[in-house]
Amino acid sequence: MRNQGETNTLASNKQLCDLDEYSLAHVFLFLNVGDLDRCVLVCKKFQHIIQRVVFPKKCKHALVTGSDHGAALSPYHYTRRKRVKLDENWRYGRYEERSYFHHNVMYISQLAIDKDCLYMTHGGRLQAHRRTKSVHMIDTRIAWMVGSVGDSDITSLAKKNNRFFAGRMDGKILLYEHGSGQQHLQTITNDIIKAVDFNKDVYAVTTKNESTYVFNYSPPDRELLYDGDVFEHSHVYPHAYETIKLNNNLLAVGKFHCSKKRALQLIDLYSCTIQQLNSPSTAVYDVLWKDEQCILCGNFDTTMRLVDVRTGNDEACWTDPYNASVYCLSYNGTYAVHCGMKYHYRTNLYDLRAPNRCVQMYFPLKKNSNFSPVYRIAADCSQMFVVTDHNLRILNFDADWAATKDYASI
């Protein structure tokens, strides 16, 4: 039998590479990408564990880049190592910034993205710009457009696949199919259209002062060259809302002001009933469906809330460190929520797994005395698109060389 001295000698001679793969993988999960890159060079055992176990696991749990939805919106195909590195850049505020489409007259553009194009509105025109893999990130030349700048301003935009649905200030709605080139313009009200959304053949529209409309869409018969109304009224609710989002038979709506602090409501399209949720909000500026049961809402009271529609109660709440209202939201489908804030072109990054904690804040460069809110926001796994009242700003996080702007500890 070995004595105590021999046992201590054997334990002291044991090296890190002598540990089993499970223990090594657990240790490596605590390292950043730079340290892992150095560990890969130590031996083939380390290389195998890091590339086959560590990077896939870190990528799966990454805040921003772990989402398949975010990756599908990007024009790039990143390796797991690169996606982990990108996630570190998001967390530490490492990015480069560019601004485009400056206009002197204040105007709020509507925004949507996919892996091929950036879609923006300017006045009454919807225009597409190709996304590129150059340092400029987009081609400022117009790839295609619908409408003209002189038309009534587009106030809201919804996109799914190749279908675009927009509302205008003159009370008209525009439906455009990019694949077929078909477009239809129909007047539904004399009021300003505030928000629109659609799901399959169900379309919802809310106005600034009057009502909320739900329509059924009937595609025109091409053979008959029918040019009549393609939207048929399904129901009209005598309430106007600031924001709306459809999810199957449920319509999440947010009021611009509610003195009873019940600004977040739910409309059941089957029963035509309106339910006031228990989230204590005076005003709701934007809503998103996290999944079939939960809503994310950005509020006047400086909070973003996660609300369960089954109970009507808040499940979690995040408060802005600078007491600014939340103007708009973007959700990556897993854990990350980007919020456009009221002041200083600022956006916040929140993790749904960590309530009441701001992961990072991004302050784009301020080139004048303007302190614009962020009115619209969209993001994929490496880029964030921010609409201010005078331009579009793009933050590129695929910039390992960029300076770190870390405001997480404020």
(message) Which lysines, if any, have their Cα less than 21 Å from the Cα of residue 57, not counting same-chain residues under 8 positions apart?
(response) 44, 45, 82, 85
(request) Identify all lysines with a Cα-Cα distance to residue 245 below 24 Å; exclude those on the same chain that are fewer than 8 residues away in sequence. (result) 115, 159, 160, 172, 194, 200, 208, 255, 260, 261, 290, 342
(message) Just to compare against my own numbers: the Cα pair-distance distribution for segment 161-221, 5 Å bins, whole % per bin, please.
(response) 4, 18, 31, 25, 14, 6, 1
(message) At 0.36 nm per residue, and after removing the present C-alpha to C-alpha distance, how many nm does the segment from residue 13 to residue 401 gain when stretched out fully?
(response) 135.7 nm
(request) Answer rounded, prolate or oblate for segment 326-410, using the Cα gyration tensor with square roots of eigenvalues a ≥ b ≥ c: rounded when a/c is under 1.5, else prolate when a/b is larger than b/c, else oblate. (result) rounded
(message) Using each residue's phi in segment 92-108, evaluate 6.51 cos²θ - 1.76 cosθ + 1.60 at θ = phi - 60° and report the 3J(HN,Hα) Karplus result to the nearest Hz, with x for Gly and Pro.
(response) 9, x, 9, 7, 10, 10, 9, 10, 9, 6, 5, 9, 6, 7, 4, 8, 9
(request) Describe numerically, in nm with one decimal, the distance between label points set 7 Å from Cα along Cα→Cβ at residue 35 and at residue 317. (result) 3.7
(message) I'd like the accessible area for residue 291, computed on protein heavy atoms only with a 1.4 Å probe and all protein chains in place. Round to 10 Å², please.
(response) 60
(request) Determine the calculated [θ] at 222 nm for the chain from helices alone, applying -39500 (n - 2.57) to every DSSP H run no shorter than 4 residues and normalising by the residue count; nearest 500 deg cm²/dmol. (result) -3500 deg cm²/dmol
(message) Starting from a Cα-only point model with no solvent, please compute log10 I(q)/I(0) by Debye for segment 17-86 at q = 0.26 1/Å.
(response) -1.14
(request) Name the residue, out of 62, 316, 25, whose mean-square fluctuation peaks in a Gaussian network model built on the chain with Cα pairs under 10 Å. (result) 25
(message) Just to be sure I understand: with springs between alpha-carbon atoms less than 10 Å apart, which residue in 32, 348, 89 has the highest mean-square fluctuation in the Gaussian network model of the chain?
(response) 32
(message) Just want to confirm a number: the relative contact order over the chain, from Cα pairs under 8 angstrom separated by 6+ residues, in percent.
(response) 14
(request) Report, in degrees rounded to the nearest 10, the 0 to 90 angle that the Cα long axis of helix 4-13 makes with the longest principal axis of the chain. (result) 50
(request) State in Å² the accessible area per residue of the chain; use a 1.4 Å probe, count heavy atoms of protein chains only, and round to the nearest integer. (result) 48
(request) Give the Rg (one decimal place) followed by the Dmax (whole number) of segment 128-274, computed from C-alpha coordinates and expressed in Å. (result) 16.8, 53
(request) Give a quick list of trypsin sites (Lys or Arg not before Pro) in segment 123-213 that DSSP marks as loop, anything other than H, G, I, E or B, with at most 11 other Cβ atoms within 10 Å. (result) 133, 141, 200
(request) Work out from phi, with θ = phi - 60° and the Karplus expression 6.51 cos²θ - 1.76 cosθ + 1.60, the ³J(HN,Hα) of each residue of segment 305-318, listed in order in whole Hz, and give x for Gly and Pro. (result) 10, 9, 10, 8, 6, 6, 9, x, 10, 6, 9, 7, 8, 10
(request) Could you pull out the longest piece of the chain with no exposed loop GluC sites (Glu not before Pro) in it, calling a site exposed if DSSP puts it outside H, G, I, E, B and it has at most 11 other Cβ atoms within 10 Å? (result) 1-222
(message) So, taking all protein chains as they sit and a 1.4 Å probe, how much accessible area belongs to residue 230, in Å² rounded to tens?
(response) 0
(message) Given the options 169, 264, 137, identify the residue whose Cα lies farthest towards the positive end of the charge dipole of the chain (+1 on Cβ of Lys, Arg; -1 on Cβ of Asp, Glu).
(response) 137
(request) Find the relative contact order for segment 30-107 and round it to a whole percent, using C-alpha pairs within less than 8 Å whose residues are 6+ positions apart. (result) 25
(request) May I ask you to give the percent of accessible area on the chain that is carbon plus sulfur, with a probe radius of 1.4 Å? (result) 49
(message) Per residue of segment 278-289, what does 6.51 cos²θ - 1.76 cosθ + 1.60 with θ = phi - 60° give for ³J(HN,Hα)? Whole Hz please, x for Gly and Pro, Karplus curve as stated.
(response) 8, 5, x, 10, 6, 8, 10, 9, 7, 9, 9, 8
(request) Could you check the simple spin-label distance between residue 99 and residue 185, using points 7 Å along Cα→Cβ, in nm with one decimal? (result) 3.2
(request) Could you state, as a whole-number percent, how many of the C-alpha pairs of segment 261-359 are farther apart than 24 Å? (result) 17
(message) Looking at the chain as a GNM with Cα springs under 10 Å, which of 186, 265, 15 has the largest mean-square fluctuation?
(response) 15
(request) Please work out the FRET efficiency for the pair residue 229 and residue 275, using the Cβ-Cβ distance as r and a Förster radius of 35 Å; give the result to the nearest 0.05. (result) 0.70
(message) Roughly how far apart, in whole Å, are the Cα centres of segment 249-278 and segment 36-93?
(response) 41
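The values are calculated or read from the model by the stated rules, or taken from the named source; none is laboratory data. Quick caveat: nothing in here was measured; it's all calculated off a predicted structure. Note: ideal-geometry Cβ built from the backbone for every residue, glycine included; neighbour counts use all protein chains shown. Ligands, DNA and RNA are stripped out before the accessible areas are found, and what is left, the full protein with its side chains, is counted by its heavy atoms. Shrake-Rupley method; radii C 1.70, N 1.55, O 1.52, S 1.80 Å.
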